[in-house]
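Scroll down for the structure; my scribbles are underneath it.
Throughout, read-outs are computed from the coordinates displayed, never taken from laboratory work. Model, not experiment: these values are computed from the prediction. Virtual Cβ from ideal backbone geometry, glycine too; neighbours counted across all protein chains shown.
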Amino acid sequence: MTVARSDLSTRLAIAATCVAALALTCLVVVGQPLVARAADFERLTLMSAAVVAGLSTLAALAIAAFWILPAMRRQSQEQGELKSLTGRLERRSQDLEHAAVTDPLTGLHNRRFFDEAVHHYLQAFDRIGRPLAFMLLDLDHFKSINDTYGHDVGDEVLKAVANCLFEFTRHHDIVARLGGEEFAIVAPNMNKTECHAFADRLREAISKLTIKVGNVHLRVTVSVGITISQRSDAFPEFYKRADVNLYNAKQTGRNRVYA
């Protein structure tokens, strides 16, 4: 029969008490005829009390060994497991937050992050009266790459272009893949002339990329539409101007910057 640990502790305590009482009785019954004086009997009584105290201590130690200490160990183990679980959940939350604003293919920011960040940038730079440059980029004839070589090759092209954009931009610029073959850059404190020159350097760097996927060697070009923030600009108008200029870059021959 299996006895619960708490029941076992109770039984041990009762047994220890019974043993103490029995020891006291034996000492009194057996020892009393052997002593002739009251003083000897008093000493015997004190000895008996000491025995009872010792046995009580043993009973307390038994309870601690069989119940209190294991309970403390379980509590410590549970606290350790809870701390570990909390750490894992915090890391998972951070991973999910990062994934929510990151394009999984290129590692750049995604459209969700871009829209919110540009909204805040527009408000902040409007308050201090500083310009905010916006470059909208679209790969030329990208559909034909997917149709001819497959989407796996197209993905490698997108990643190569994303790496180029990341290398050319500053740490406080916003670089994002908006979807498909369309990318965007928002650059603080850059006027129209500076933005045009910077966008043209990007365009040239992308045109010089040689993208190798197996036996396939590719070169790509990009069209860029740019605009500069105006006083009290709202995001839709800001984006629309760049989008119109990108359309004009496509219509006038591609592989160019249009402002």
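What lysines could a cross-link reach from K143, if we take a straight Cα to Cα line under 25 Å and drop same-chain neighbours fewer than 8 places away?
K159, K208, K212, K240, K250
Can you find, among T193, N215, A176, the residue farthest towards the positive end of the dipole of the range 114-258? Put +1 on the C-beta of Lys and Arg, -1 on that of Asp and Glu.
The one lying farthest along the dipole's positive direction is T193.
Lys and Arg at +1, Asp and Glu at -1: add these up for the other residues within a Cβ distance under 15 Å of D173 and post the number. Kindly include the intermediate steps, with their values, before the conclusion.
Details: positive: R130, R170, R177, R201; negative: E167, E194.
Charge balance in the 15 Å sphere: +2.
Based on Cβ point charges of +1 for Lys and Arg and -1 for Asp and Glu, what charge dipole magnitude is obtained for the range 111-258 about its Cα centre, in debye rounded to the nearest 20? Each step should come with its number before you reach the end.
Numbers: 20 positive and 19 negative charges, 66 e Å.
Here the range 111-258 has a charge dipole of around 320 debye.
Of the peptides 122-135, 178-191, 139-152, how do they stack up when ordered by the mean number of other Cβ atoms within 10 Å, highest first? Don't skip to the answer; put the middle values down first.
Values: 122-135: 16.5, 178-191: 19.2, 139-152: 14.4.
So the order, starting with the most tightly packed, is 178-191, 122-135, 139-152.
Arranged by the count of other C-beta atoms within 10 angstrom, fewest first, what order do S76, S229 take? Walk me through the intermediate numbers first.
Numbers: S76 10, S229 21.
Starting with the residue having the fewest Cβ neighbours, the order is S76, S229.
Could you let me know the centre-to-centre spacing of the range 102-128 and the range 232-259, using Cα atoms, in angstrom?
Computed from Cα coordinates, the inter-centre distance equals 18 Å.
Over the Cα atoms, compute the radius of gyration (one decimal) and Dmax (the largest Cα-Cα distance, rounded to a whole number) for the range 111-258, in Å.
My reading of the Cα-based Rg and Dmax gives 15.4, 53 Å.
If I model a spin label at R170 and A234 as a point 7 Å from the Cα along the Cα→Cβ vector, what separation in nanometres do I get?
Simple spin-label model gives 2.9 nm for this pair.
In a shell of Cβ-Cβ distance under 14 Å around G150, excluding G150 itself, what net charge do Lys and Arg (+1) and Asp and Glu (-1) give?
-3
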